[in-house]
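Here's the structure we're looking at; comments come further down.
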Amino acid sequence: MFKPKKINNKTVYYSDVLNIEHFFTTRELEVIDNLDVLSKYLSVDRKNIIKPKQVHSDNIEFVDERIEYPNCDSLILNDKNKAIYLNFADCTPVILYDEKQNIVSIAHAGWRGTAQKIAPKTVLKMNSNPKDIIAVIGPCISFDYFETSLEAIDSLKSTINNKEGLFKDNFADLKNINKRQLEEIGVNRFDICPFCTIADNDKFFSYRKENKTKKRHSALAKL
């Protein structure tokens, strides 16, 4: 279940199924403007709060000694002295935690990333047994609002065997397509955020609703 908490009197949301530090920011707290606050909260040096340069790819990287991760839409973390975050404004955030290996990843699954199966590819890159994974799917555009091209619909349909309930005309359910992709490789523990970036635009940013806004909320994780 998703629950609110406060960081510096600003609301973020977390999933009570994960026992590591993680949260999804809201309009109240943009990471880029609050790095000092988050550095203190996480007890992590500001330079060790890592974000990749997202490009809607299926490129996945392990965090190492680098500061920059260009052309990357999923980061995997196994270092307790660092934190990772990715930005969103309608696309689907997917946090994947392997409790046996104690490693965590965040994937940026817009429709393109979802069509490239970035979430299941991340599980494979983590070298995880899918049964050890807890998947937390964060706030994104919901089924009722995600209308797209038939070409995009066909691309998304091609990624799953069981398509039941996930498509209607030109509409697609990105949260549950990502869930279905992960289920089909053996992941069986999930927490799915009830919020929609358009219907709950008072809480989260929406690229579509807000005329291509450059503002972003984030998914952040630390071991």
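Throughout, read-outs are computed from the coordinates displayed, never taken from laboratory work. Computed from a predicted structure; not experimentally measured. Virtual Cβ from ideal backbone geometry, glycine too; neighbours counted across all protein chains shown.
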- [ ] Identify all residues within the stretch 47-68 that are farther than 19 Å from Leu96 by Cα and surrounded by 13 or more Cβ atoms within 10 Å (Cβ to Cβ); write none if there are none.
- [x] Asn48, Val55
Open item on the list: Being surrounded by 15 or more Cβ atoms within 10 Å (Cβ to Cβ), farther than 19 Å from Tyr13 by Cβ and not β-branched (Val, Ile, Thr) is true for just one of Leu150, Leu174, Leu182. Which residue is that?
Closed with: Leu182
TODO: Consider only pairs whose beta carbons are under 9 Å apart and that are at least six residues apart or on different chains; among these, list those whose first residue lies in the stretch 1-14 and is free of Cβ contacts under 8 Å to residues at least 12 places away in the same chain and whose second residue is of a type outside the set (Asp, Glu).
DONE: Pro4/Thr11; Pro4/Val12; Pro4/Tyr13; Pro4/Tyr14; Pro4/Thr26; Lys6/Val12
Task: strands (runs of 3 or more DSSP E) within the stretch 133-223 that include 1 or more residues of a type in the set (Ser, Thr, Tyr) - done: 217-222
Open item on the list: Give me the residue from the stretch 95-128 that is in a strand (DSSP E or B) and of a type outside the set (A, V, I, L, M, F, W, C) and, out of that set, surrounded by the most Cβ atoms within 10 Å (Cβ to Cβ).
Closed with: Ser105
Task: Residue count, the stretch 69-82 (criterion: among the acidic types (Asp, Glu) and either out of contact with any His (no Cβ under 8 Å at 6 or more places or on another chain) or surrounded by fewer than 16 Cβ atoms within 10 Å (Cβ to Cβ) (or both)) - done: 1
Open item on the list: Among the residues of the stretch 36-55, what is the count of those that are part of a loop (DSSP other than H, G, I, E, B), closer than 27 Å to Gly113 by Cβ and not polar (S, T, N, Q)?
Closed with: 5
